[in-house]
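Enquirer: Input: one structure, supplied below.
The values are calculated or read from the model by the stated rules, or taken from the named source; none is laboratory data. Please read these numbers as outputs of a predicted model, since none were measured by experiment. Note that each Cβ is placed from the backbone with ideal geometry, even for glycine, and that neighbours are counted across all protein chains shown. What goes into the accessible areas is simple: the full protein's heavy atoms, side chains included, and nothing from ligands, DNA or RNA. Shrake-Rupley method; radii C 1.70, N 1.55, O 1.52, S 1.80 Å.
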Amino acid sequence: MTGPAPAKTSRRLALGFGAAALALAVVACGTDFYEIPIETPIQPKLDVSAFQRVLVAGFVAGGSEDVDTNQETVRLLRSQLRTKSQLKVIDADIMPLIDIAQDQNKAANGEETNTAANGSSGSSATAAPNGNSNGTDHGTAQQTVPLPKSIKEEKDLEPYERLFANTAYWKKIGEEYQNPLIVTGTVLFVPHSRSGMVTRDQETIDAYGRHRVIPVRTYMERKGFILRPKFVFIDGRSGATMYSESHREEILYNAQQNTPALSSYFELMDRIVPDFLSALSSQKIRGTRVLLK
Amino acid sequence: MHATRATFLFVVALAMASAPVFADARSDARAQVEFGINVAQRGLWREGIYRWEKAAQLDPGYAAAFNDLAIAYEHEGQLDKARKAYEKALELDPNNTQIRQNYELFKEINDRTSAGKDKP
């Protein structure tokens, strides 16, 4: 009955000595790694030192009718730039870029028709839509491509791209506002739904009353939105595009959940705004790393 | 037979003689690394860079020195140098999970800085 007891005791003693020796070794050697917080500075993608002011002009926007994407994007970017950049934000009326592009297109078409009627191939055929003959970066043939009046999907935005290449137009806007940096572009905010198998964590309580989280694959219908902004940065002195960047973010909710479109828009813009700001001003990204001995 | 034994003894003797040299280089480098950690913890990252660069020179096979150097470069915004130092550290110690984790976190930031940019 008492036979195994000394063996157990000696094993426990051995384990105890082993643990103590290990602890002593750790103390003697000290720790070999140190977690340390760091802040990584990110240089701005654009050199904006030549500008003191920024004009968020407006966007060619479309998609959901529940959100005025042009107005909301301009307001959001202006407020972000006011607090997080060195540039002075110009308060100006938001430009209805779709209407402006339509007018430019009509003007270009009119000029082309006149030219064809006159049978001449003179300078009027290549004149800029705003009447400046020096500024067009594109031919008349490109000007006459019809612009869709309502923007519902990505391909509807493509014909509007030439608006940003119209250096004469943007130079004129730049002169009007004392040569600022101009921010413009396109924004598409569309409803989106997806159904299929998804993995989600399900919390259960077992026979012993313990909480357990088990991944479960279930069929789900989800709906939400996709936000696709393209930011175009234009030099107000020359009207030329300095830089552009495109983003795509999507959010999906359970089909039964009723989330307002505007909330989804802000949730998605929240993810994109840091990247937008990092084009203009330096940012610091906080994190932790492990230093080794 | 005698020649083989003599060569063997010579190699062993050479290895034994050079071992303290390597040990010295590693212990000197280790001292620099430790000092670097100490100053970096007080926010003196530039001094840390100086120490870890010195450690890497003293012992070019010391992965920890390159890892720490990479972190300091990252903190100073010298992202190209940071990437090179991380890659060197991983080359020296490819199975070190801590270096790999640091590098993955660094890459996430580095990728973010170039994300979204449209091709001209």
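Residue-wise test of (1) of a type outside the set (Ser, Thr, Tyr); (2) within 29 Å of B:Glu104 (Cβ to Cβ).
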| residue | (1), (2) |
| --- | --- |
| A:Val213 | yes, yes |
| A:Gly236 | yes, no |
| A:Leu252 | yes, yes |
| A:Pro260 | yes, no |
| A:Ser282 | no, yes |
| A:Thr288 | no, yes |
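Okay, residues lined up against (1) among the acidic types (Asp, Glu); (2) open to solvent by 90 Å² or more (accessible area, probe 1.4 Å):
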residue	(1), (2)
A:Ser195	no, no
A:Val198	no, no
A:Asp201	yes, yes
A:Arg212	no, yes
A:Asp235	yes, no
A:Glu245	yes, no
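Enquirer: Only one of these is in contact (Cβ under 8 Å) with a residue 12 or more places away in the chain and touching a His at 6+ places or on another chain (Cβ under 7 Å): A:Glu267, A:Glu245, A:Glu203, A:Glu250. Name it.
Expert: A:Glu250
Enquirer: In addition: Any residue in the range A:216-226 that is part of a strand (DSSP E or B), surrounded by 10 or more Cβ atoms within 10 Å (Cβ to Cβ) and within 14 Å of chain B (Cβ to nearest Cβ)?
Expert: No, every residue in the range A:216-226 fails to be part of a strand (DSSP E or B), surrounded by 10 or more Cβ atoms within 10 Å (Cβ to Cβ) and within 14 Å of chain B (Cβ to nearest Cβ).
Enquirer: Of all residues in the range A:202-236, count the ones that are in contact with a Pro (Cβ under 9 Å, 6 or more places away or on another chain) and closer than 22 Å to A:Pro44 by Cβ.
Expert: Final tally of qualifying residues: 1.
Enquirer: Moving on. Does the range B:26-51 hold any residues that are in contact with an Asp or Glu (Cβ under 9 Å, 6 or more places away or on another chain), open to solvent by 80 Å² or more (accessible area, probe 1.4 Å) and under 19 Å from A:Thr288 (Cα atoms), and which are they?
Expert: Once the filter is applied, which keeps residues that are in contact with an Asp or Glu (Cβ under 9 Å, 6 or more places away or on another chain), open to solvent by 80 Å² or more (accessible area, probe 1.4 Å) and under 19 Å from A:Thr288 (Cα atoms), the range B:26-51 yields only B:Arg46.
Enquirer: Ok, one more. Hey, can you tell me all the residues within the range A:270-287 that are away from chain B (no Cβ under 11 Å) and touching a residue at least 40 places away in the same chain (Cβ under 8 Å)?
Expert: Correct list: A:Val273, A:Leu277, A:Leu280, A:Ser281.
Enquirer: Shifting gears a bit: With respect to A:Val290, is the statement that it is outside any strand (DSSP E or B), open to solvent by less than 40 Å² (accessible area, probe 1.4 Å), in contact with a helix residue (DSSP H, G or I) (Cβ under 6 Å, 6 or more places away or on another chain) and in contact (Cβ under 8 Å) with a residue 60 or more places away in the chain true?
Expert: When the stated conditions are applied, A:Val290 does not pass them.
Matching residues to (1) part of a helix (DSSP H, G or I); (2) among the hydroxyl-bearing types (Ser, Thr, Tyr):
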| position | (1), (2) |
| --- | --- |
| B:Ala29 | yes, no |
| B:Asn38 | yes, no |
| B:Gly43 | no, no |
| B:Arg46 | yes, no |
| B:Tyr50 | yes, yes |
| B:Lys54 | yes, no |
| B:Ala70 | yes, no |
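Quick grid of which residues meet (1) among the aliphatic types (A, V, I, L, M); (2) within 20 Å of the chain's Cα centre (by Cα):
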position: A:Arg75; (1), (2): no, yes
position: A:Leu81; (1), (2): yes, yes
position: A:Ser85; (1), (2): no, yes
position: A:Ile90; (1), (2): yes, no
position: A:Met95; (1), (2): yes, no
position: A:Ile98; (1), (2): yes, no
position: A:Gln104; (1), (2): no, no
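Enquirer: Something else now. Which residues, taken from the range B:74-85, are assigned to a helix (DSSP H, G or I) and facing another protein chain (nearest Cβ under 10 Å)?
Expert: B:Glu74, B:His75, B:Leu79, B:Ala82
Enquirer: Kindly indicate whether any position in the range A:185-197 is more than 14 Å from chain B (Cβ to nearest Cβ), out of contact with any Phe, Trp or Tyr (no Cβ under 7 Å at 6 or more places or on another chain) and of a type in the set (Phe, Trp, Tyr).
Expert: No, because not a single residue in the range A:185-197 is more than 14 Å from chain B (Cβ to nearest Cβ), out of contact with any Phe, Trp or Tyr (no Cβ under 7 Å at 6 or more places or on another chain) and of a type in the set (Phe, Trp, Tyr).
Enquirer: Of the conditions (1) part of a helix (DSSP H, G or I); (2) more than 8 Å from every other protein chain (Cβ to nearest Cβ), B:Pro94 satisfies every one except a single condition; which number is it?
Expert: All conditions pass for B:Pro94, except number (1).
Enquirer: Restrict the check to the range B:99-108 and report whether at least one residue is open to solvent by 10 Å² or more (accessible area, probe 1.4 Å) and more than 13 Å from chain A (Cβ to nearest Cβ).
Expert: No, the conditions are met nowhere in the range B:99-108.
Enquirer: Is it the case, given these coordinates, that A:Pro260 is within 14 Å of chain B (Cβ to nearest Cβ) and surrounded by fewer than 19 Cβ atoms within 10 Å (Cβ to Cβ)?
Expert: It is false that A:Pro260 is within 14 Å of chain B (Cβ to nearest Cβ) and surrounded by fewer than 19 Cβ atoms within 10 Å (Cβ to Cβ).
Enquirer: Please verify whether A:Ala50 is modelled with pLDDT of 95 or more and not in a helix (DSSP H, G or I), treating the condition exactly as stated.
Expert: no
Enquirer: Among B:Leu105, B:Leu90, which is in contact (Cβ under 8 Å) with a residue 12 or more places away in the chain, hydrophobic (A, V, I, L, M, F, W, C), closer than 17 Å to A:Val290 by Cα and out of contact with any Leu (no Cβ under 9 Å at 6 or more places or on another chain)?
Expert: B:Leu90
Enquirer: So in the range B:52-73, with the set limited to residues that are more than 8 Å from chain A (Cβ to nearest Cβ), in contact (Cβ under 8 Å) with a residue 12 or more places away in the chain and of a type outside the set (A, V, I, L, M, F, W, C), which one is surrounded by the fewest Cβ atoms within 10 Å (Cβ to Cβ)?
Expert: B:Gly61
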